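Each remark here refers to the structure printed beneath this line.
The values are calculated or read from the model by the stated rules, or taken from the named source; none is laboratory data. Keep in mind the model is a prediction, meaning the values are calculated, not measured. Note: ideal-geometry Cβ built from the backbone for every residue, glycine included; neighbour counts use all protein chains shown.
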Amino acid sequence: MPKTSGAPAVPDAALPDPGRWKALVFIALAQLMVVLDATIVNIALPSAQQDLGISDGNRQWVITAYALAFGGLLLFGGRIADLWGRKRAFVVGLIGFAAASALGGAATGEAMLLGSRALQGAFGALLAPAALSLLAVMFTDARERAKAFGIYGAIAGGGGAVGLILGGFLTEYLNWRWTFFVNIPFAVVAAAGALLVVHEPAGARNRNPLDIPGVVLSTLGLVALVYGFTRAESDGWTDAGTLGVFALSAVALAAFVAVEAKVAHPLLPLRVPSDRNRGGVYLSLGLAVIGMFGLFLFLTYYLQVVKGYSPVKTGFAFLPMVAGMITGSTQIGTRLMTRVAPRLLMGPGFALAALGMLLLTQLEVGSSYAGLILPAQLMLGLGMGTAFMPAMSLATYGVQARDAGVASAMVNTSQQVGGAIGTALLNTIAASATTAYFTDHAGAATTPDALRLVQLRAMVEGYSAAIWWAVGILALAATIAVTFINTGRPGSGAPTASGETDGSAGVAKTAENAETTDDAVRVPVIAH
């Protein structure tokens with residue numbers, strides 16, 4: 001079509017999608033479903049184990065099967081989203097996740113349940129990067145992007161705690177099967193809404209041939225890495241099998257990097273993780289998730305085993321942290337994201353979370369919920385919410401639109417690996433400290449009640465020891481965020497790591513690229 005006189009034509013890719021806010025509702029709903037599933041099944045696991053006759057040795061596979069499929073296939077899922085289109089990958093991921101959830105809820109035996117969990121992980125690996133990359137390419141205005149990622153960050157950070165509440169309700173008042181069935185309405189509504197209102201910008205796909213060696217090596221390396229940490233928790237860090245799995249992971253991932261540096265169309269272009277800002281996000285988020293497991297894991301056990309809370313009461317006990325995350329993400333992070341550099345949100349946010357975790361190192365058997373646990377949760381929630389929101393936005397910082405899927409997958413990969421490390425590392429530390437305390441004090445217990453008190457104190461001693469490590473890890477995450485991330489606030493003209501400037505100049509560069517290259521449209525400058 002010939003151009004008309006006057007202002008130059010602006011490519012469609014540079015124009016905001018008029019239905020983007022409606023789309024955000026369904027993207028957020030899908031993200032909530034995925035995050036809920038990470039914790040909701042934990043609450044239901046004891047009931048499912050008893051009902052289906054799963055042995056104590058095999059019960060961990062209900063969690064591990066999901067983690068292995070999800071963590072191992074994330075990069076592949078992100079690349080498929082770039083190849084197919086994020087909307088198509090998003091809808092297929094939702095439908096597949098719903099079908100797998102239905103299979104899990106209807107499980108008649110151990111094999112059927114474990115298979116459904118692996119399928120959930122596989123479709124989650126397609127869905128999660130598609131959801132985040134849709135936000136990356138649909139929200140291009142700095143202020144709007146801040147609001148959109150504020151909502152997304154609040155869900156990503158607080159959804160796990162909501163899962164504890166919902167899981168407690170469903171398990172206590174219905175049965176464990178509903179922790180699977182509840183995903184179906186989430187998925188159906190999100191998929192129907194996505195088909196109606198999600199419109200992916202033109203020219204944003206990566207239609208290059210699929211890097212098969214990269215897919216095989218990345219999947220093998222990530223699956224082995226996640227499984228290695230899972231095995232370390234049960235069999236020990238020095239077990240020959242554990243060390244062999246870690247060695248396999250190291251070889252596969254090293255070969256993956258070597259292949260990606262040479263192939264014409266890599267699964268993960270090394271320009272994506274090598275940027276210091278994105279690299280800082282991936283590393284600091286992974287470390288922060290390790291620290292978060294210090295809260296979810298040990299506080300859940302503390303409240304239920306030591307304090308005697310019911311599953312529902314335990315879920316509600318996490319509400320202050322959810323409220324803190326929502327406030328930190330949507331009120332603090334969103335309002336300041338367009339005014340200050342992101343490192344000034346992420347660094348202090350992780351530091352505040354570390355201070356909240358520091359309070360929890362003072363846990364004792366008779367600790368007050370209102371006096372200790374409540375303020376610690378508020379600090380953790382506010383800190384994590386403030387940090388998560390700019391981190392999620394920076395994950396796709398400066399990437400070409402065709403790379404948005406794999407860049408988004410890297411965020412989820414860092415979180416998934418961080419969760420695996422957190423579970424194994426902190427559990428090992430806690431178990432060791434608990435055993436040492438019990439060995440030293442059990443001899444002085446002369447009655448059953450005294451022995452029970454020693455057992456409880458030993459458990460709390462283990463939690464406290466592991467939480468100390470979580471404090472240090474969160475402090476390290478804050479340090480990395482401040483030192484690695486150097487991009488300025490939006491519109492400041494501060495140079496980015498790629499040599500561009502923030503602000504309107506980036507939009508102009510986007511428009512220029514859209515006119516001169518195919519399938520290489522730059523994502524318009526985002527809120528940094």
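Taken as a whole, the condition of being in contact (Cβ under 8 Å) with a residue 40 or more places away in the chain and outside any helix (DSSP H, G or I) does not apply to Thr179.
Just one of the listed residues (Leu114, Leu94, Leu132, Leu166) is of a type in the set (A, V, I, L, M, F, W, C), at pLDDT 90 or above and under 20 Å from the mean Cα position of the chain (by Cα), namely Leu94. In summary, Ala192 fulfils each of the numbered conditions (1) part of a helix (DSSP H, G or I); (2) buried (at least 16 other Cβ atoms within 10 Å of the Cβ) with the single exception of condition (2). The listed residues are Ala81, Ala107, Ala125, and the only one of them that is over 23 Å from Val197 (Cβ atoms), among the hydrophobic types (A, V, I, L, M, F, W, C), modelled with pLDDT under 95 and assigned to a helix (DSSP H, G or I) turns out to be Ala125.
Report whether or not Ala38 is crowded, with 19+ Cβ neighbours inside 10 Å, modelled with pLDDT under 75, under 17 Å from the mean Cα position of the chain (by Cα) and assigned to a helix (DSSP H, G or I).
yes
May I ask you to list the residues in segment 304-317 that are at pLDDT 85 or above and buried (at least 21 other Cβ atoms within 10 Å of the Cβ)? Result: Ala317, single match.
One residue alone among Gly356, Gly385 is of a type outside the set (Lys, Arg), at pLDDT 90 or above and under 16 Å from Gly291 (Cβ atoms), and that residue is Gly356.
Among the residues in segment 59-68, are any surrounded by fewer than 23 Cβ atoms within 10 Å (Cβ to Cβ), assigned to a helix (DSSP H, G or I) and out of contact with any helix residue (DSSP H, G or I) (no Cβ under 9 Å at 6 or more places or on another chain)? Taking every residue of segment 59-68 in turn, none turns out to be surrounded by fewer than 23 Cβ atoms within 10 Å (Cβ to Cβ), assigned to a helix (DSSP H, G or I) and out of contact with any helix residue (DSSP H, G or I) (no Cβ under 9 Å at 6 or more places or on another chain).
Residue selection: Asp275 fails the criterion of being surrounded by 17 or more Cβ atoms within 10 Å (Cβ to Cβ), in contact with a His (Cβ under 9 Å, 6 or more places away or on another chain) and among the acidic types (Asp, Glu). When you check Thr219 against the structure, is it in a helix (DSSP H, G or I), under 17 Å from Asp82 (Cβ atoms), among the β-branched types (Val, Ile, Thr) and touching a residue at least 60 places away in the same chain (Cβ under 8 Å), yes or no? In short, yes.
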